[in-house]
Structures are given as structure tokens and as C-alpha cells.
């Protein structure tokens, strides 16, 4: 069992690290071969931006944005970084081979840790200056876990992994991205705006997201 686990871990390390090389020097053959991983990475990046927007809006609403809403902007940037953090935190970037120092989707994908950071940093928004950074980063991390949840490998929210088993990793990325941005639009609309047209647009986006989710579930 341990030998099989090590083999799977090594396989993931090779695919993950090579997918990073594709971004720096892409070739048509590599792009085609590693398309599923690239698509998943792109989805996490996009949903991380959406999470950053949600964090920025909530930081502003809590009155913790600071001068020119600088902390809100930094929360958005931190959210973008957090959107891919559970994956890149697994990589031993300090080593020459850059292998995984921890098994994939274990401690860096632990739901309790990300949710505690999210809740604690939100409560400290007007107490500690850097709390918006932690809040944005945690928002991106939680969004990452939500995006991973539907695929078979699942996410260890509390102890063991749990999966919604809707699709494989790298599939249906447009649905994941659309749902994340619909949520971001809805939060921004409800928190910042009172314009009826904006509410109507957000409601439409939410209905589209629910319809897509219902279609996948059935």
C-alpha cells in the first residue's frame, strides 16, 4: 500500500512541476498533454480573483479598508494568491528538485484550518492592521477547497476526505469559474449597491449558477 501511495505521489509531483514549466515556456505538445492540469490551475487562479473581490468588498464594508481602501486592494491581491495556495504550499520550493514535501490534499487542504483563519481574521479586521491580508488569503484558500470538492479525490474538511463526486479535476472549469464570479457579484451587489438594476443582474447570475448546479446534479 505504501509503495503504491509513493508511486501516486511521485506521478503527481512530475505532472505538477511540468505544468509549471508549461507556463514559462509553452509548446503545443506539452500544452495538449498537460491541458487538464493547466485548466485546473487556471480555474483556481480565476476563482481566487473572485474570492479576492469578495474579501475586498467585505473589508471595505467592515471599515477596515484604510486610506484610499489600500487594505481592501491588498486583500484582493491576497485572495488571488490564496486561490492557488493549497497546491503551491505542498511544493518544497526551497529544494533543488522541488518535490512535494507533503502528500497532496492533506494538511494544506485542511478545511478547518482555512475556515478558522478566515473567521479569526475577519473578527480582527479593525484590530490588527494586517488582518485584511490574512482574510483575503483565507478567502482564496476556502474558494480553492470549494473548487476541489466536486472531484473524486475530495477535500479533508474535518478529518477524512469528502467528495461530491460531480466531475474529475480539470473538467467543468467554466461552471466552477461562473459560480465563483456569480457569488462575487452577488456579494458586491448586496453589500455595496442599492441599485435595482444591479440587484436584477446579480439575481440573474445567481439563477444561472443554480441552474448549472442543478443540471450537473441531475
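The values are calculated or read from the model by the stated rules, or taken from the named source; none is laboratory data. Quick caveat, the model's predicted, so the values are computed rather than measured. Don't worry about glycine lacking a Cβ; one is built from the backbone with ideal geometry, like all the others, and counts go over all protein chains shown.
Going residue by residue through region 175-194, is there one that turns out to be at pLDDT 85 or above, part of a strand (DSSP E or B) and crowded, with 20+ Cβ neighbours inside 10 Å? The answer is no; no qualifying residue exists. For region 128-148, does any single residue satisfy the condition of being free of Cβ contacts under 8 Å to residues at least 12 places away in the same chain, within 13 Å of residue 62 (Cβ to Cβ) and surrounded by fewer than 21 Cβ atoms within 10 Å (Cβ to Cβ)? Yes: one or more hits.
If only residues of region 116-127 that are part of a helix (DSSP H, G or I) and free of Cβ contacts under 8 Å to residues at least 40 places away in the same chain are counted, the one that is surrounded by the most Cβ atoms within 10 Å (Cβ to Cβ) is 121. Screening region 1-109 for helices (runs of 4 or more DSSP H) wholly inside it with 1 or more residues that are modelled with pLDDT of 95 or more, within 20 Å of the chain's Cα centre (by Cα) and closer than 27 Å to residue 158 by Cα returns the ranges 35-61, 70-82. Scanning region 149-187 for residues that are within 24 Å of residue 76 (Cβ to Cβ), touching a residue at least 60 places away in the same chain (Cβ under 8 Å) and under 15 Å from the mean Cα position of the chain (by Cα) gives 173, 176, 177, 180, 181, 183, 184. Considering the conditions (1) in contact (Cβ under 8 Å) with a residue 40 or more places away in the chain; (2) touching a helix residue (DSSP H, G or I) at 6+ places or on another chain (Cβ under 7 Å); (3) within 15 Å of residue 41 (Cα to Cα), residue 91 is excluded by exactly one of them, (2). In region 38-85, of all residues being within 17 Å of residue 117 (Cβ to Cβ) and free of Cβ contacts under 8 Å to residues at least 60 places away in the same chain, the one that is surrounded by the most Cβ atoms within 10 Å (Cβ to Cβ) corresponds to 85.
Report yes if residue 113 is surrounded by fewer than 21 Cβ atoms within 10 Å (Cβ to Cβ) and outside any helix (DSSP H, G or I), otherwise no. It is false that residue 113 is surrounded by fewer than 21 Cβ atoms within 10 Å (Cβ to Cβ) and outside any helix (DSSP H, G or I).
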